[in-house]
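First up is the structure itself, then whatever we jot down about it.
The values are calculated or read from the model by the stated rules, or taken from the named source; none is laboratory data. These numbers come from a predicted model, not from an experiment. Positions of Cβ are generated from backbone atoms using ideal geometry, with glycine treated the same way; all protein chains shown enter the neighbour counts. Accessible surface areas use protein heavy atoms only, side chains included; no ligands, DNA or RNA. Shrake-Rupley method; radii C 1.70, N 1.55, O 1.52, S 1.80 Å.
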Amino acid sequence: MCGRYYIDNDTAREILKLARQADEKMPGTAGGFGMEIAAKDIYPTETAPILALFGSGLECRWQRWGFPGFQKGKVIFNAMCESAMDKQMFREAVLHRRAIIPATWFYEWDRNKQKHLFYRQGGVPLFMAGCYRKYEDGDRFVILTTQANASMEPVHDRMPLVLEREEAVEWLLEDGAAEKLLGKSPPLLERRTEYEQMSLF
């Protein structure tokens, strides 16, 4: 699963590169992307930048993370790839309101409550697949999760559906690619414990 992730300005700027790549495939989709953010951890219920195809084209917008839950005050912040198309809460969003959520890394905790960071080598951003829905208080997004790959299995049995750059463009623009991408295995990631991360600084 994914319950917290980190984003910085360098990663946020990668949204512009992704949008330009999408515009080459479907000219006229990219809109304005002026955006500066403070480097920070993102928690469920907080607002974060996402990239999605809106009525005016491909845009980066800030949305709240998490659909309203069935219990008051609770939110649903992940959707399982395996069942998203079968559940009313997610199906329409996956079919018509797909999004990419950029991250520098995300966190996961093992059974011993040790905190781990998962990232890609060379500062390559993570393009996490997601979808959004419209609510009275504004649009909200969730992150799609899938079965853990070999790099994630030692820590947790679930992980975000991380896409390669070209796959991210397909996810945003091609309806026919959605179901195919829901079944893919994410790329292998690097892992570092919180202690090791702190020792670098």
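Filter the GluC sites (Glu not before Pro) in region 53-161 to those in DSSP coil with at most 13 other Cβ atoms within 10 Å of their Cβ, and list the result.
Numbers: sites: GLU59, GLU82, GLU92, GLU108, GLU136; in loops: GLU82, GLU136.
Sparse-neighbourhood loop GluC sites (Glu not before Pro): GLU82, GLU136.
Just to be sure I understand, if you calculate Rg and Dmax of the Cα atoms in Å for this structure, which of (i) 20.1, 75; (ii) 17.3, 63; (iii) 16.0, 49 do you get? Working out Rg and Dmax of the Cα atoms in Å from the coordinates points to (iii). Only protein atoms count toward the accessible area here, which uses a 1.4 Å probe; on region 69-142, the carbon and sulfur part of that area reaches 48 percent. Working from label points 7 Å from Cα in the Cα-to-Cβ sense, the ASP41 to GLN88 distance is 3.6 nm.
Given a Förster distance of 30 Å, report the FRET efficiency between GLN147 and ASN112 from their Cβ-Cβ distance, rounded to the nearest 0.05. So the FRET efficiency works out to roughly 0.85.
Relative to the current alpha-carbon distance between TRP62 and HIS96, full extension at 0.36 nm per residue lengthens the span by 10.4 nm. Among the listed pairs LYS87/LYS180; LYS40/LYS115; LYS17/LYS180; LYS87/LYS134, those with a Cα-Cα distance over 19 Å are LYS17/LYS180.
Which aspartates and glutamates, if any, have their Cα less than 20 Å from the Cα of LYS113, not counting same-chain residues under 8 positions apart? Here the aspartates and glutamates satisfying the reach criterion relative to LYS113 are ASP41, GLU153, ASP157, GLU190, GLU194, GLU196.
Under the combined filter of DSSP loop state and at most 14 neighbouring Cβ atoms within 10 Å, region 50-105 retains these chymotrypsin sites (Phe, Trp or Tyr not before Pro): PHE70.
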